Amino acid sequence: QTKYCSPFSGRSFIYIKIMILISHRGNINGPKPHLENDPRYIFDALSKGYNVEVDIWGVDNDLYFGHDKPQYKVHVPFISDDRIWCHCKNIDAMITIKEINRKFGAYNIHYFWHQEDDITLTSQGHIWAHSNKQPIKNSIAVLPEIHQDDLSVCKGICSDYIINYHNE
């Protein structure tokens, strides 16, 4: 936290930086590949107050969670939760989500695409940074535990161990 003084009133106030905490595929306290991207696992992370990054596939205008392949069919209201960050795994997922957002104004699904890019910009304007490119100011640091990244300039963290970052 940082203490500031208002130039208009002369009163002091405390500015507290709130870090966005994102569970990677539903993981909270370490990778669990057999549970990752399972809607029940994702819901559990959401119910604990975390945002969640999910892997999403588009197949014949339907959407599925799954890391290496489509596994769990998902419904639009679930992924339109503003705490879900959809990592599109194929072009069909990008097109399907973009069309849903365009056609149905009530839905604003948050999505992005990346493979080995240094950074990508999400549909809501967040900088999503590759795990070996930190620190980048105001970015989402992905798996910072791999390189013991300095997170002081980051806007958020996406980690398999997100429970360890409550006090960053």
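The values are calculated or read from the model by the stated rules, or taken from the named source; none is laboratory data. Predicted model only: the values in this text are computed from it and were never measured. Cβ placement follows ideal geometry from the backbone for every residue including glycine, while neighbour counts extend to all protein chains displayed. Protein only, heavy atoms only, side chains kept; ligands, DNA and RNA dropped before computing areas. Shrake-Rupley method; radii C 1.70, N 1.55, O 1.52, S 1.80 Å.
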**OP:** Collect the residues in the range 69-101 that are under 23 Å from SER47 (Cα atoms) and exposed (fewer than 14 other Cβ atoms within 10 Å of the Cβ), keeping them in residue-number order.
**Re:** LYS73, HIS75, PRO77, ASP82
Subject >> Every residue from the range 102-112 that is surrounded by fewer than 18 Cβ atoms within 10 Å (Cβ to Cβ) and either more than 16 Å from HIS75 (Cβ to Cβ) or touching a Phe, Trp or Tyr at 6+ places or on another chain (Cβ under 8 Å) (or both) >> reply: ARG102, GLY105
Original post:
For the range 32-43, which residues satisfy the criterion of being under 16 Å from the mean Cα position of the chain (by Cα) and either on the phi > 0 side of the Ramachandran plot or open to solvent by 60 Å² or more (accessible area, probe 1.4 Å) (or both)?
Top reply: ASN37, PHE43
Original post:
Which of the residues belonging to the range 44-68 are closer than 20 Å to GLU116 by Cβ and either in contact (Cβ under 8 Å) with a residue 40 or more places away in the chain or open to solvent by 30 Å² or more (accessible area, probe 1.4 Å) (or both)?
Top reply: GLU53, ILE56, TRP57, HIS67, ASP68
Original post:
Given the structure, is ILE136 free of Cβ contacts under 8 Å to residues at least 24 places away in the same chain and buried (at least 16 other Cβ atoms within 10 Å of the Cβ)?
Top reply: yes
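I'm trying to understand the selection: among the residues of the range 143-163, which are without any contact (Cβ under 8 Å) to a residue 24 or more places away in the chain and either under 11 Å from the mean Cα position of the chain (by Cα) or not in a loop (DSSP other than H, G, I, E, B) (or both)?
Taking the range 143-163 and keeping what is without any contact (Cβ under 8 Å) to a residue 24 or more places away in the chain, we get 144-150, 152-153.
PRO144, GLU145, ILE146 - these are the residues of the range 143-163 that are without any contact (Cβ under 8 Å) to a residue 24 or more places away in the chain and either under 11 Å from the mean Cα position of the chain (by Cα) or not in a loop (DSSP other than H, G, I, E, B) (or both).
Counting residues that are closer than 25 Å to ASN164 by Cβ and modelled with pLDDT of 95 or more, which helices (runs of 4 or more DSSP H) fully inside the range 2-118 reach at least 2?
39-47
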Subject >> The lone exception for ILE163 - which of (1) of a type in the set (A, V, I, L, M); (2) closer than 29 Å to HIS75 by Cβ; (3) open to solvent by less than 60 Å² (accessible area, probe 1.4 Å) it fails >> reply: (3)
